[in-house]
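Here the structure is laid out as structure tokens; the discussion comes afterwards.
Values in this text are rule-based calculations from the coordinates and carry no lab data. Quick caveat: nothing in here was measured; it's all calculated off a predicted structure. Note that we place each Cβ from the backbone using ideal geometry, even for glycine, and neighbour counts take in every protein chain shown.
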Amino acid sequence: MSRIGKMPITVPSGVAVTISGSSVTVKGPKGELSRSLNPDMLIKQEGDVITIERPSESKKHRAFHGLTRTLLANMVEGVSKGFERTLDIVGVGYRAEMAGQNLGLRMGFSHPVEIEPLPGVSFAVEGNNRIKVLGINKEDVGQMAAKIRSIRPPDAYKGKGIRYTGETVRLKPGKAGKAVGR
């Protein structure tokens, strides 16, 4: 049995979940999300607890059991608390600034790079070297953070670039390290 799939989802107060067949709509203080889930999965709501059951022990149903539960739990958490990814900019002269709702990045290119947020996603800049990506949809927040990081990923020799907060970048030794080995 799926250990993730059989865990119940508790719905916090202020969040309303509407289940109609395979489509689920979740409304909360931060916004509203709706998604069409696998029609084979049985989604049951009893009070403020939601459980997901699978119809058989086939490999397909076992795979969708945990996935359906996680997607639904992320929707409930997103409309109640929201999601956040934090990125750090490392490097001399590299900085970020807000230009309206868009994010402007100066990353050593001949021109500043401007990024437009996906619908439901917003940016916040702390100082000029920390970016926060905020939103209610976990997939959109992660996709936007990955898009920002892909503009200038961390360099393998100096570590300059955009990285996730807490990400460790292993630096290569470079030429000086090679000469020492002889």
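Taking 30 Å as R0, compute the FRET efficiency from the Cβ-Cβ separation of N129 and L67 and round it to 0.05.
That pair, N129 with L67, gives E of 0.25.
Quote the relative contact order of the chain in percent (integer), defining contacts as alpha-carbon pairs under 8 Å separated by 6+ residues.
17
Would you mind working out the magnitude of the charge dipole of segment 69-145 relative to its Cα centre, with +1 at each Lys and Arg C-beta and -1 at each Asp and Glu C-beta, to the nearest 20 Debye?
160
For the chain, what does -39500 (n - 2.57) per DSSP helix run (n ≥ 4), summed and divided by total residues, give at 222 nm, in deg cm²/dmol to the nearest 500?
Rounded to the nearest 500, the figure is -7000 deg cm²/dmol.
Please enumerate, by chain and number, the aspartates and glutamates with C-alpha under 15 Å from the C-alpha of K59, excluding those fewer than 8 residues away in the same chain.
Within the straight-line limit of under 15 Å, K59 reaches these aspartates and glutamates: D40.
Going through segment 88-172, which trypsin sites (Lys or Arg not before Pro) have at most 11 other Cβ atoms within 10 Å and a DSSP loop state?
R170
Separation of segment 68-100 and segment 127-156 by C-alpha centroid, Å?
7
Classify segment 57-175 as rounded, prolate or oblate from the Cα gyration tensor: take a ≥ b ≥ c as the square roots of its eigenvalues, call it rounded if a/c is under 1.5, otherwise prolate when a/b beats b/c and oblate if not.
Working: a/c = 2.86, a/b = 1.57, b/c = 1.82.
Oblate shape, in that a/c is at least 1.5 and b/c is the bigger or equal ratio.
Report the relative contact order of segment 9-80, percent, no decimals, based on alpha-carbon pairs under 8 angstrom and at least 6 residues apart.
33
Residue separation times 0.36 nm, minus the C-alpha to C-alpha distance between A156 and S13: what's the value?
Details: separation 143, 0.36 × 143 = 51.48 nm, distance 4.68 nm.
Additional length available on full extension: 46.8 nm.
Evaluate Rg over Rh across segment 9-80, taking Cα atoms for both radii and Kirkwood's formula for Rh.
When Rh is taken as the Kirkwood radius, the ratio is 0.97.
Any idea what the relative contact order of segment 102-182 is, in percent, if you count C-alpha pairs under 8 Å spaced at least 6 apart?
Computed over segment 102-182, the figure is 16 percent.
If I take R0 = 35 Å and measure r between the Cβ atoms of V90 and E139 in this structure, what FRET efficiency does the formula 1/(1 + (r/R0)^6) give, to the nearest 0.05?
Values: r = 27 Å, r/R0 = 0.76.
Efficiency for this residue pair is about 0.85.
Enumerate the aspartates and glutamates that K6 could reach by cross-link, defined here as Cα to Cα under 15 Å, with residues fewer than 8 away along the same chain left out.
E46, E53, E57
Multiply the residue gap between E57 and S34 by 0.36 nm, knock off their C-alpha separation, and tell me the result in nm, one decimal place. Kindly include the intermediate steps, with their values, before the conclusion.
Values: separation 23, 0.36 × 23 = 8.28 nm, distance 2.75 nm.
Stretched out fully, the E57 to S34 stretch lengthens by 5.5 nm.
If we count other beta carbons within 10 Å of each Cβ, what is the order of L87, L171, fewest first?
Numbers: L87 21, L171 13.
In order of increasing Cβ crowding within 10 Å: L171, L87.
Determine the gain in length on full extension of the stretch S20-V169; use 0.36 nm per residue of separation and subtract their C-alpha separation, reporting nm with one decimal.
Gain on extension, S20 to V169, equals 49.0 nm.
Pairing the Cα long axis of helix 59-80 with the longest principal axis of the chain, what angle in degrees results, from 0 to 90 and rounded to the nearest 10?
Tilt of helix 59-80: around 70 degrees.
For the residues I19, I131, I136, what sequence is obtained by ranking on other C-beta atoms within 10 Å, fewest first?
I19, I136, I131
Once you charge only the Cβ atoms, +1 for Lys and Arg and -1 for Asp and Glu, what is the size of the charge dipole of segment 1-145 about its Cα centre, to the nearest 20 debye?
Computed charge dipole of segment 1-145: roughly 440 debye.
Loop-only GluC sites (Glu not before Pro) in segment 1-86, please: DSSP not H, G, I, E or B, and at most 11 other Cβ atoms within 10 Å. Display every interim value, and only then the final one.
Values: sites: E32, E46, E53, E57, E77, E84; in loops: E57.
Within segment 1-86, the qualifying GluC sites (Glu not before Pro) (loop, at most 11 other Cβ atoms within 10 Å) are E57.
For helix 138-149, report the angle its Cα long axis makes with the longest principal axis of the Cα atoms of the chain; keep it between 0 and 90° and round to the nearest 10°.
It is inclined by approximately 10 degrees.
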